[in-house]
Structures are given as structure tokens and as C-alpha cells.
Amino acid sequence: MSKLRPLPATGFIPERDLDKTPILEAHHLGINFGGLNAVKEFNLVIGRTEIAGLIGPNGAGKTTVFNLLTKVYQPTKGTILLDGRNTSGMTISQVCRMGIARTFQNIRLFKDMTVLENVLVGLHNEIDYRLAGAIFRIPAYWRAERIARERALELLSIFNMEGMANIKAGSLPYGAQRRLEIVRALATNPSIMLLDEPAAGMNPSETGELMENIRKIRDTFKIAILLIEHDMNLVMGICEGIVVLNYGQIIAKGTPEEIKNNPAVIEAYLGKKEAR
Amino acid sequence: MAKRRIPTPVSYAINLVLIALLLVVGNIVISSGITSRAQNSLFLQVGIYIILAVSLNVVTGYLGQLPLGHAGFMAVGAYTGALVWKATASMPAPVSIVLGLLVAGIVSAIFGIIIGIPALRLKGDYLAIVTLGFGEIIRVCIINLPEITGGTPGLLNIPKHSTFTLVYVCVVLTCVVIHMMMKSRHGRAILSIRDNEIAAESCGISTTYYKVMAFSVSAFFAGIAGALFAGNQGSLFPNAFDFMASINILVMVVLGGMGSMIGSVIAATVLTSLPLVLQVFSKYRMIIYSLMLIIVMIFKPSGLMGTYDFSLRNLLEKLTGHISKKREAGTNE
Ligand SMILES: Nc1ncnc2c1ncn2[C@@H]1O[C@H](COP(=O)(O)OP(=O)(O)OP(=O)(O)O)[C@@H](O)[C@H]1O
Ligand SMILES: [Mg+2]
């Protein structure tokens, strides 16, 4: 049997009631790289259907926070709760199966595979036949593969990428690669998605479209999204809550309005930009 | 023009017919007496090296790791198969043959798992060194257990079970099973690890599990090739499984193109038959190997076939596509 749940019709935006119960909690998170405290005392709670932003100047430790949450690095301090469950000692793939998916700042696609195959790898744990079933090509294999293909195309259609299904991922334009990473992350059926600079390298119109799509994904899939982004229009435009990081420490938390007017943030981050 | 797909059952049937045809032709050639004894033995040798290269390609080409101990798995399979065949000589031949091959494959796969779990935590050069060590340990163990393995003087009087049909069937099964595995979620997982390990893991793929899976499938077929080798030679000597034997197989995979099954098949066929065709080849084998490797690495670093996957179906579709296109063009004029 396939575990795949039917996909909500695209473009369908239900009247949302924000679910504030936490899906992801980080308490006193910290990591030390041979003396450098890249992240310290990081506390964060994200609600089930929240879009949150993580911002800060270059080298502030934002990507490191993602790497801690997804277990690329094991934290030296603190705890992470995913849907109330402690993830200490777990591997990257284990926390992914628990419902945390991510994209990468330096794009990590499977370049030698097609766009479709990239999404199928994301669907890996949603497809359930065994090796023997695949070798003997039992009916369950054909069915699962067909359903997975349909689902993959459906997910690609969010970004109008069905037409690119058979192109090698490595030969896609930059913006499309970033979108494909989001689709692949979405394919793992996450309850929270971490996006590391999803708009990097995109032009303003692409960024605007991306903004709409991120909101659409949240609305249709009812998942939480935490994103790192330098594009202030995007962050201020779609995030309900924002966390500002500087030198590995949180210097401010709040709504976009509060962050815009926070003197510490202006000094550390926006101030620097104005000075340029 | 929409591309016309050949239905899967039809494509399977065409492949099956061609495979059967080749088997019949091969048997006719061998029984007709056109070929010498040595040439017949060479046919088997070619088949055995195809299995070895195709199985090594799973780890080297698809998984993207570099083990240097494939001959170790071949040795495990060769001695296991030979001993099982000797012990079950009183059983009906088909039972004994299948039993020997299966046990050889399974024991070799178990070695693959035992070596794989610790070794696959290592990367690149370290994995190469550990697997190289494994191959040598196996050889030294064989030398030092003369009561079981015959030691340096060799294990003699092994039933010569390896016929053309048996080797051919094993080659086909190896290629089919590995092909079916690679065209499944398991195969995609293995390929994704080669492409980007962190991304694969972030997709919820347990990379250790799939690495060990690839490693043990590879070892399983190497074990079967080993047993066929024993059944072809009739005697086994530990020196046949030294470090150079592993390198030979690796050269086939690299020359053929890492990640291309058809490349492995072609390279194994050419490199195994060359010594018989060219007498000088065996004398200067190592020099020619190195030269070939250097030339291929300079002009086509991805190997002769790159990662090209041969598919009769795609080829036929292309051909029929061309023909119908020509016909359309003809009617338009
Ligand atoms: N594996 C590592 N070993 C040592 N230092 C590291 C490691 N990873 C990150 N760092 C350091 O931690 C700090 C934070 O890096 P990080 O990549 O998290 O910054 P960032 O906020 O994502 O910056 P950017 O906006 O440029 O992406 C940097 O000083 C970086 O050099
Ligand atoms: Mg970063």
C-alpha cells in the first residue's frame, strides 16, 4: 500500500486558522567549532503553521542553526524537540523521517539525475516496496512507481516545472534549481521545512513569485516554514515571526514591525546596510 | 511528434528472445568444434569477468566508492563454492551446482556486510586501503588454512561444473538483477548517495543502510563469479586472488565507464579476450593496461561509455522514430 496522502488541489487556499502549538522547539542550543562559539543560547519555538524568518549579517551563524536542527552537526549544548520528541543522538535521515526537511544555501541537488528523479528520491520513504519486490517487478512495484511519478509531477506543478521533468537537474537555470530543492524537500512529506536563502540569485519578479508560492505551500500543506533570507522584502512580506542572529546570538525576536523598529537590529543589520 | 513508447511487456519479450537466441548460438558454436578447448575456456572466463566487473560497478560506479578488495570476495565465493561442490558430489548435479553457487554468493555477501559496516564509514582513500587489506587478509587466511583450503599447493579436483550455459545464465541473471535494483527506489537511493551524500541523507535516506546494501549485492555476485571460476579451472590457488586481480577488475570498470553496465560488459569482454588474441599482450599486459588507462583518462575521463545505460527499447524507439520521420518527410514532398 502506498502511504501517499492525496495532495490538496493546487490554488486552493482554505481560510486558515494559525496553529500556534509548537512543532519545533530549540532550547539553549549551542555549538563550538574548536573555540569559536558559532551559535550560543539559541532558543526558538515555531508553531505548526507558522512562517518564520531567521535573519542576520553574514557569518552570524544562521546556516549553522539549520545544520544543528537537521543534525548535520550534533549540538554541543541544548535540546531540540521535534513535535515534542527529543532528537538528541539522531542522524540526519532520522530527523528527516520525523518530519523536518530542508534546502541548502549552496544548492545540493543530485546533478546527474533528472528533475523527476530528484523528486522521486525525496519521495523515497513514501514509496514502499522491498528490494525483492523490485527485482521480481511485482505488481506493487509498478503501482508504487506509477503513483510516485504522478505525485512527483504534481509537486513539480506547484512551480510549473512539470515540463522540465526529464531534464538533468544540473543543467537547470539557477532559480529553477532552488525551486527544485524546495519541491524535493516537500516530497519528503515534512511537518516543517527549513529554507536556506531560497531567493538567492533570483531577480525581483522571480522572488515575488517565490514569496507567493511559499505562502501557497504553507496554506495547502499546512506545514511550518523557517527561512533564512537576505531579501528584506521577502522576509518582511511573508514571515509572521522573525529571529535576528548576530555573532551566534539572538539579538531580537518579534513580528516584522517590531524587528524593523528594533534599535539593536538596525545597528547590527539594517544599519550596516544603510551605511553602504 | 509524440514519442511512441514500446510497451514494457513487448520490450521484455524482445530482450528475452535475444538472450535465448544468443544462448543457442553460443552452444552451437561450442559443440560444433570450430573453437578450440582454450577458446571455450576463454568464453567462460569472459563471462566470469563480466559478472565481476558488473558487480564491482555497483559499488564503484553507482555508489561512487572505491574498494580495492573485489578479488577477496571472489576468493571467498571460489573456495566456498568449490568446497560445497566437493561435499555434495553425491547429490544430483543440478542440485549440487545451484547449492554451491547460492552458498558461495551468500557467504560472500555476509563477508560484504561484515566488512562493509565498519569500512563504509570511511571515505575515499581510507576505504580503498581497508578493502585492500581485507583482500590480502583473505588470501593469507587461505594460505594458512591448508586443512580446509589446500593452502599454497592448491585445492584440486574441483568438479568442473562451469559450462557455457551455466556461466551465461549467471551473467544474464547478474545483469538483470542489478538492472532491476538500479531502476527502483533502492537504486535511486544508491545513486543519490554518489551524487550528494548530505542531500541524500536530508531526503531521509539512511546512507549506511544503502551503502551496505550495494556492497553486499556486489559481494554476492562476486562470490558467484568466484564459484564459476573454480568450476572452470578445476583447481584453486591463493595467488589467483591477489591485489592485482582486484586491480584488473577495477581497470575494467574504469575503462568501461563508471556507472555504465554495458561499459563494464564491453571492457570485461575486450580485456579478458585480448591475451588470447594477442600473444604479446600477456607479456606486456601491465604496460598496456596502464597506457590504456592513461589514454582513456586523458581523452574520456568518464570511461568509454560514460554513465550511458544501454536500453534496447530506447534504441528501437529511436530507430523506428527515425524511420517514421523519414516516411513522413517522404509523403510531404
Ligand atoms: N564546520 C565549521 N567549522 C568551523 N567553523 C564553522 C563551520 N561552519 C561554520 N563555521 C563558522 O561559523 C560561523 C557562522 O557560519 P554560518 O555559515 O552559519 O553563517 P551564516 O549566518 O549562514 O552566514 P551567511 O549569511 O554568509 O550564509 C562562521 O564564522 C563560520 O566560519
Ligand atoms: Mg548561511
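The values are calculated or read from the model by the stated rules, or taken from the named source; none is laboratory data. Keep in mind that what you see is a predicted model, and the values were worked out from it rather than measured. Every residue, glycine as well, gets a Cβ built from its backbone with ideal geometry; the counts of neighbours run over all protein chains shown. Only protein heavy atoms, including side chains, enter the accessible area calculation; ligands, DNA and RNA are left aside. Shrake-Rupley method; radii C 1.70, N 1.55, O 1.52, S 1.80 Å.
Looking at segment B:132-204, the helices (runs of 4 or more DSSP H) lying wholly inside it that each contain 3 or more residues that are of a type outside the set (Lys, Arg) and more than 14 Å from every other protein chain (Cβ to nearest Cβ) sit at B:146-149, B:164-182. Quick one: is A:Leu69 aliphatic (A, V, I, L, M), away from chain B (no Cβ under 11 Å) and within 15 Å of ligand 1 (Cβ to nearest atom)? It is true that A:Leu69 is aliphatic (A, V, I, L, M), away from chain B (no Cβ under 11 Å) and within 15 Å of ligand 1 (Cβ to nearest atom).
For segment A:37-51, a residue qualifies if it is within 16 Å of ligand 2 (Cβ to nearest atom) and open to solvent by less than 10 Å² (accessible area, probe 1.4 Å), and the qualifying residues are A:Val39, A:Phe42. Listed by position, the helices (runs of 4 or more DSSP H) inside segment A:109-225 whose residues that are within 16 Å of ligand 1 (Cβ to nearest atom) and touching a residue at least 40 places away in the same chain (Cβ under 8 Å) number at least 1 are A:174-187. One residue stands out in segment A:91-127 among those that are among the β-branched types (Val, Ile, Thr), facing chain B (nearest Cβ under 8 Å) and farther than 23 Å from A:Leu172 by Cβ: the one that is most open to solvent (accessible area, probe 1.4 Å), namely A:Thr91.
Filtering B:Tyr62, B:Tyr49 for residues that are touching a residue at least 12 places away in the same chain (Cβ under 8 Å), within 10 Å of the chain's Cα centre (by Cα) and in a helix (DSSP H, G or I) leaves a single hit, B:Tyr49. In the set (1) open to solvent by less than 10 Å² (accessible area, probe 1.4 Å); (2) of a type in the set (D, E, K, R); (3) more than 16 Å from ligand 2 (Cβ to nearest atom), the condition left unmet by A:Asp196 is number (3). Scanning segment A:55-72 for residues that are closer than 16 Å to A:Ala101 by Cβ, among the aliphatic types (A, V, I, L, M) and within 11 Å of ligand 2 (Cβ to nearest atom) yields one hit, A:Val65. In this structure, is A:Gly56 surrounded by 22 or more Cβ atoms within 10 Å (Cβ to Cβ), more than 9 Å from every other protein chain (Cβ to nearest Cβ), of a type in the set (Gly, Ala, Ser) and more than 18 Å from B:His186 (Cβ to Cβ)? Yes: the conditions hold for A:Gly56.
Would you mind telling me which numbered condition in (1) more than 9 Å from ligand 1 (Cβ to nearest atom); (2) buried (at least 20 other Cβ atoms within 10 Å of the Cβ) A:Lys77 fails? With (1) more than 9 Å from ligand 1 (Cβ to nearest atom); (2) buried (at least 20 other Cβ atoms within 10 Å of the Cβ) applied to A:Lys77, the lone miss is (2).
Taken over segment B:81-95, the criterion of being surrounded by 24 or more Cβ atoms within 10 Å (Cβ to Cβ) and either under 19 Å from the mean Cα position of the chain (by Cα) or not in a helix (DSSP H, G or I) (or both) is satisfied by B:Gly81 alone.
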